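The values are calculated or read from the model by the stated rules, or taken from the named source; none is laboratory data. Owing to the predicted nature of the structure, the values given are computational and were not obtained by experimental measurement. Don't worry about glycine lacking a Cβ; one is built from the backbone with ideal geometry, like all the others, and counts go over all protein chains shown. In case anyone asks, the SASA skips ligands and DNA or RNA and just uses the protein heavy atoms, side chains included. Shrake-Rupley method; radii C 1.70, N 1.55, O 1.52, S 1.80 Å.
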Amino acid sequence: MDHQLSQRFSLPSRTVQALFGGLLLAAVLLTWVQYQARSRALVAEWDAHTRDTLTMLHASLEPLLEAGHEPGLRRAVADAVRYPKVQAVAIVDPSGGILVDSANRDPGLRLPIPAHLLRQTQTGATADLRWTEPRPGGRTQFWLSPLPMLNRAAADRKTQPAFPQVGSDGPSGILALLVEVDLAPLEALQARALRQLVLINGLAFLALGFIGWGLLDRILGRPLDTVIQALAPLAGQEGSAWPGEGRTLPQVLARITKTLRERERFHQMILESLPAHLAILDREGRILAVNPSWGNLAREATKPFPAPASEGNNFLTACRQAPPEYAEKAREALAGVQSVLEGSLRQFSMEFSCELQGTPRWFLMSVHPLAPGSDGAVIAYSEISERKQAEDGLREALEDSERGRARLDALYSATPVGLIYVHPDLVVERVSQQVADVHRRSVAEHVGRKLEEVIPRERWSVLEPIYKQVLESGTPYYSYEEELPDPYTPGRTRFYTTVFYPDRDKEGTIRGVHVVMQDITELKLALQQQEQHLKELEAKNRELDQMAIRDPLTGLYNRRFFDEGLTREWQRFQRSGEGFSVIIMDVDALKKLNDRHGHEAGDRALQMIGTMLRTTLRETDLVARVGGDEFAALLPRTDLESSKAVVAKLHEAIKGLRLVLRSRPLPLTLSLGTATVPGLPPASSAAELLRVADKRMYEAKRLASARQTDAG
């Protein structure tokens, strides 16, 4: 029989081992699958956030790049590191050289960017160009993004952006934005997700294991315990272990005793953690257990009722022996507790007041039976002093309500601004005469009606979302401005500004909306006049600016502006080596024209020549009148061959110039001289380049004069 019992009792051990082994393997596999899915989701969310950051950086940097605003561009790049997780931001040229950098690295420094990614930025690739590198303290992710909007805008203008000059110090091509992102937060999120999954799955599968173990113990263990207890006296081995598992009757009893004690401690801990004053009674009314709150209340009470002293006292006896001032409430409490103990009532409650340490306090007494099938009850005292104070305050408020309503009516009728108050369902409770006039209705036609019934439909379609926003968000809506018909003068309009304030009670619940509507017509008209005045001043300033750089007769740029442009172009040539050309032009026989036909004819001739130069040359060329009969043109990015083509085009246009005097067309001619840098003879300064062009112009004028002499 011992051998049979041993075999019978060894089966659960192997089963439990197999159960826990299988659950452990399933927990590991499930955790791995969940971690992979969670990690992919975190990476996708991380990438989406980084792409949003790149989009915002594009939107803030490209206008500054296109406008060539160097200080603003540097500030914008430096401020970009304030984006979450962004370590550094740089704008690089097609070779990887730094143009602008938030980390203050040297301009022109070549960053170690993979060559194939740099090539992809030049081919118009829109896919993610990124890579990861280890850094001290973690890993860094690099995002490389081309700036296509900037380069398309430059291509449309057939020029490069003003700053930085692509192709000046390096190869031409598409600029790119390089963003360095710290991966430490992402790795921390992944590690945290792994820890959470391990903890949750571990606890879940551990609970499943113990549930399975409990089922096995219920199916196999308890019958064996019964057999052990029945056979132990017969075998003479009471108190000794049976072979195979080491279970004994004393061990079983000890386990039961330990479990009961743990449950008792658990119940006591729950009892002590509850904020109410609790006591547990048996069927006779004796106090079996109390929590610390009940004991504190018993020590504070100066009379036996409502708080019997402590465990061992009889609550029913304390109610019968209550002092005279508590006699009525004591009888009510005694009857209620007895009814719950006898089972005639499912529960009982009552309110009472008492004085504790000289302070009046209010309590709610609740009596509930213990679990079905057991004798006894639970008594709970919950303090309701604050609620009673609130009820007293509410009664006082109601008494003051009528007086307050009268004062509010006087305020609404006397205030110089428009006021309206609506409930959360947008029903009007109160309105001032000013608002009623705007709506072209009486005050009585507003009260008790929905706003949409008293406001025109087209105006309500705009106001309704504002009211709903204030009610849903609980935040005010400021300075809604609108133009409405003047309620007092037909045919005119007035301007109003409206503010919407949520009205909250003491608990923070929104109970309505206060609306303040103010007439700002006079202020609006004054602002409009000021705005018109500012526009006129701006127009005059622009006119003065143009007068400072324009020739008043021809509308071309003047000599000072031409000299400044020439200096800038020469400095750019020195930086980049990209050439440009200048053309010096002189009107032939202008003095003779003035002497024969008057200065008015000479002025018309100069105006015709200025118009011809503007329409013939490119928009990017700078054309100026630099003397009485002398013109000049600055041709950026124009080499010797290109300048010859421009001169040929000018000669062709000059052939068609005719000044009509007294119905007789008079031809106009120009002598041109050009100089290009780099070119021959080499020029060492902008002034020397002008002298070369001027010399060639006078040579052309001399040759033209000689030809005319030969022809004559």
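Summary of values
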{"item": "Conditions (1) modelled with pLDDT under 80; (2) open to solvent by 60 Å² or more (accessible area, probe 1.4 Å); number of the one not met by K329", "result": "(1)"}
{"item": "Identity of the residue in the stretch 537-555, open to solvent by less than 90 Å² (accessible area, probe 1.4 Å) and not aliphatic (A, V, I, L, M), that ends up farthest from the chain's Cα centre (by Cα)", "result": "T554"}
{"item": "Among the candidates R637, R625, R614, R618, residue that is on the phi > 0 side of the Ramachandran plot, open to solvent by 10 Å² or more (accessible area, probe 1.4 Å) and modelled with pLDDT of 90 or more", "result": "R637"}
{"item": "Scan of the stretch 613-662 for residues that are under 51 Å from the mean Cα position of the chain (by Cα) and not in a helix (DSSP H, G or I), ordered by number", "result": "L617, R618, E619, T620, D621, L622, V623, L634, L635, P636, R637, T638"}
{"item": "Those residues of the stretch 348-386 which are at pLDDT below 80 and either among the small types (G, A, S) or open to solvent by less than 60 Å² (accessible area, probe 1.4 Å) (or both), in sequence order", "result": "C354, L356, G358, L370, A371, G373, S374"}
{"item": "Answer residue from the stretch 690-708, given it is open to solvent by 50 Å² or more (accessible area, probe 1.4 Å) and either among the aliphatic types (A, V, I, L, M) or at pLDDT 90 or above (or both) and is nearest to E569 (Cα to Cα) among those", "result": "R691"}
{"item": "Test result for V443, within 20 Å of D425 (Cα to Cα), over 37 Å from the mean Cα position of the chain (by Cα), open to solvent by 30 Å² or more (accessible area, probe 1.4 Å) and of a type outside the set (G, A, S)", "result": "yes"}
{"item": "Top-ranked residue of the stretch 81-98 - restricted to ones that are closer than 15 Å to A176 by Cα and in contact with a helix residue (DSSP H, G or I) (Cβ under 9 Å, 6 or more places away or on another chain), ranked as surrounded by the most Cβ atoms within 10 Å (Cβ to Cβ)", "result": "V89"}
{"item": "Residue among Q518, Q530 that alone is in contact with a Gly (Cβ under 9 Å, 6 or more places away or on another chain), open to solvent by 90 Å² or more (accessible area, probe 1.4 Å) and modelled with pLDDT under 90", "result": "Q518"}
{"item": "The stretch 181-201, residues that are closer than 19 Å to D101 by Cα and either open to solvent by 60 Å² or more (accessible area, probe 1.4 Å) or modelled with pLDDT under 85 (or both)", "result": "D182"}
{"item": "Single residue of S339, S353, S366 found to be in contact with a Leu (Cβ under 7 Å, 6 or more places away or on another chain) and not in a loop (DSSP other than H, G, I, E, B)", "result": "S339"}
{"item": "Any hit, the stretch 117-125, residues being open to solvent by 60 Å² or more (accessible area, probe 1.4 Å), of a type in the set (S, T, N, Q), modelled with pLDDT under 85 and assigned to a helix (DSSP H, G or I)", "result": "yes"}
{"item": "Candidates K506, K468, filtered to the one that is under 28 Å from the mean Cα position of the chain (by Cα) and not polar (S, T, N, Q)", "result": "K468"}
{"item": "Counted residues, the stretch 574-596 - those being open to solvent by less than 60 Å² (accessible area, probe 1.4 Å), part of a helix (DSSP H, G or I), touching a residue at least 60 places away in the same chain (Cβ under 8 Å) and of a type outside the set (S, T, N, Q)", "result": "1"}
{"item": "Close pairs from the stretch 435-461: first at pLDDT 85 or above and small (G, A, S), partner in a loop (DSSP other than H, G, I, E, B) and open to solvent by less than 80 Å² (accessible area, probe 1.4 Å), Cβ under 7 Å, at least 6 apart", "result": "A436/S442; A436/V443; A436/H446"}
{"item": "Filtered residues of the stretch 410-440 (kept if acidic (D, E) and open to solvent by less than 50 Å² (accessible area, probe 1.4 Å))", "result": "D437"}
{"item": "Inter-residue pairs, beta-carbon under 6 Å, first within 16 Å of M365 (Cα to Cα) and in the stretch 312-327, second modelled with pLDDT under 85 and open to solvent by 20 Å² or more (accessible area, probe 1.4 Å), 6+ apart", "result": "A318/P304"}
